[in-house]
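Have a look at the structure below, then the notes.
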Amino acid sequence: MNIEFLKNLIDYGVIALLLFMSFISFWFFIERIIFYKNLDVSSFRNKKTLDIALTKHLTIIGTIASNSPYIGLLGTVLAIMLTFMTMGNGDIDAAKIMSSLALALKATAVGLVVAIASQVFYNILGRYAEVLESKYEAKEV
């Protein structure tokens, strides 16, 4: 298989996966915000069912936040390995090596952006959930 094709597949595949993960994170963030805005806490019979409703999809956002840097780093490591393989084959064009390394580092950067945004979403939603649970408890008393 062509090494250049493999490098492009790894670089753009990892970035596409990270962009897909960011879309999922953003989608669930918007869905949860709409759900929280329209939620009537008094319609729940007990706190456990309220807690289950409030935390739905938060695990997915948290998982994306914690794993996207690793996916970006994996893409970077694989791309750097392929760059070194290219250098080992005698293709020692400095401009080509630098562009390959720059593209490899983009995967890490995209992974960090996805992680930071997802962590912010997770924290905002977690705070919303705490406030709504407190409103429920205040109505119980």
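Checking I34, I71 one by one, the residue that is touching a residue at least 24 places away in the same chain (Cβ under 8 Å), within 20 Å of V120 (Cα to Cα) and either in a helix (DSSP H, G or I) or open to solvent by 40 Å² or more (accessible area, probe 1.4 Å) (or both) is I71 and no other. Here R45 meets the list (1) assigned to a helix (DSSP H, G or I); (2) open to solvent by 90 Å² or more (accessible area, probe 1.4 Å) almost entirely, failing just condition (1). The set of residues in region 78-95 that are open to solvent by 70 Å² or more (accessible area, probe 1.4 Å) and either among the β-branched types (V, I, T) or within 30 Å of the chain's Cα centre (by Cα) (or both) comprises M81, F84, M85, I92.
Look through region 1-31, keep the residues that are small (G, A, S) and surrounded by 13 or more Cβ atoms within 10 Å (Cβ to Cβ), and return whichever of them is farthest from Y122 (Cα to Cα). If we take residues in region 1-31 being small (G, A, S) and surrounded by 13 or more Cβ atoms within 10 Å (Cβ to Cβ), then G13 is farthest from Y122 (Cα to Cα).
Would you call I116 under 17 Å from F26 (Cβ atoms) and buried (at least 18 other Cβ atoms within 10 Å of the Cβ)? Criteria not met by I116. With respect to Y122, is the statement that it is exposed (fewer than 15 other Cβ atoms within 10 Å of the Cβ), touching a residue at least 40 places away in the same chain (Cβ under 8 Å) and of a type in the set (F, W, Y) true? No: the conditions fail for Y122.
The residues listed here are S25, S42, S99; of these, the one that is over 24 Å from the mean Cα position of the chain (by Cα) and touching a residue at least 60 places away in the same chain (Cβ under 8 Å) is S42. Confirm whether A65 is in contact (Cβ under 8 Å) with a residue 12 or more places away in the chain, of a type in the set (A, V, I, L, M) and out of contact with any Leu (no Cβ under 8 Å at 6 or more places or on another chain). Here the answer is yes, as A65 does meet what is asked. Residues that are of a type in the set (A, V, I, L, M) and either under 9 Å from the mean Cα position of the chain (by Cα) or within 12 Å of I24 (Cβ to Cβ) (or both) within region 52-70 comprise I60, I61, I64, A65, listed in sequence order.
The values are calculated or read from the model by the stated rules, or taken from the named source; none is laboratory data. Keep in mind that what you see is a predicted model, and the values were worked out from it rather than measured. Because the Cβ atoms are built from the backbone with ideal geometry, glycine has one as well, and the counts that use them run over all protein chains shown. Side chains are part of the model used for accessible areas, which takes the heavy atoms of the whole protein and leaves out ligands, DNA and RNA. Shrake-Rupley method; radii C 1.70, N 1.55, O 1.52, S 1.80 Å.
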